[in-house]
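What follows draws every value from the coordinates through simple rules; no lab data is involved. This one's a predicted model, so the numbers in the text were calculated from it and none came from an experiment. Note: ideal-geometry Cβ built from the backbone for every residue, glycine included; neighbour counts use all protein chains shown.
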Amino acid sequence: MAEEAEEKKLPASDKKLRDARRKGQVSQSRDLGSGFTLFAALGYLYFAWPMLVEHLSELVQTVTTPGDSFIEVSLLAIRHSLSLLMLATLPLVGIVVVLSVAFGMLG
């Protein structure tokens, strides 16, 4: 028992390393997959940003335009808000999920 708690002085033999790889007991870095996923998400935001700003300005114009009834403006604002939310989040979540699953399968 005391032998297990002590630090090992010799490196693992080739046979032990082969057996560990065969069993799947290999340390893996998830940094590459996480970094690529982050880069893809930021790339989407970079290219989608002008469209999102345009939709946001349409939402502000909808709310600030005088003349329509409160109910009509409210319903239109809700519709614009939901479409802006979907345009901003669904592709982003899709990119992150697909890449996370892909890199998770690759190891």
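For the range 51-107, what log10 I(q)/I(0) values come out of the Debye formula at q = 0.15, 0.18, 0.30 1/Å, with one point per alpha carbon and no solvent? For the requested q values the scattering log ratios are -0.55, -0.66, -1.10. Considering helices alone, the calculated mean residue ellipticity of the chain at 222 nm is -27500 deg cm²/dmol, with DSSP H runs of length four and up weighted by -39500 (n - 2.57) and normalised per residue.
Extension gain, Leu85 to Met105, is 4.2 nm, computed as 0.36 nm per intervening residue step minus the present C-alpha separation. What does the convex hull of the Cα atoms of the range 27-70 come to per residue, in Å³, rounded to a whole number? About 72 Å³ per residue, rounded to a whole number. Computed from the C-beta positions of Phe39 and Ile78 and an R0 of 35 Å, the FRET efficiency is 0.55 to the nearest 0.05. Report the trypsin sites (Lys or Arg not before Pro) located in the range 23-80 that are in a DSSP loop and have at most 13 other Cβ atoms inside 10 Å of their Cβ, or state none. Passing sites in the range 23-80 are Arg30. In this rough spin-label picture, where each label sits 7 Å from Cα along the Cβ direction, the Tyr46-Ile71 distance is 4.8 nm. Treating each Cα of the chain as an identical point scatterer and summing with the Debye formula, the log10 of I(q)/I(0) at q = 0.10, 0.19, 0.24 Å⁻¹ comes to -0.56, -0.99, -1.21.
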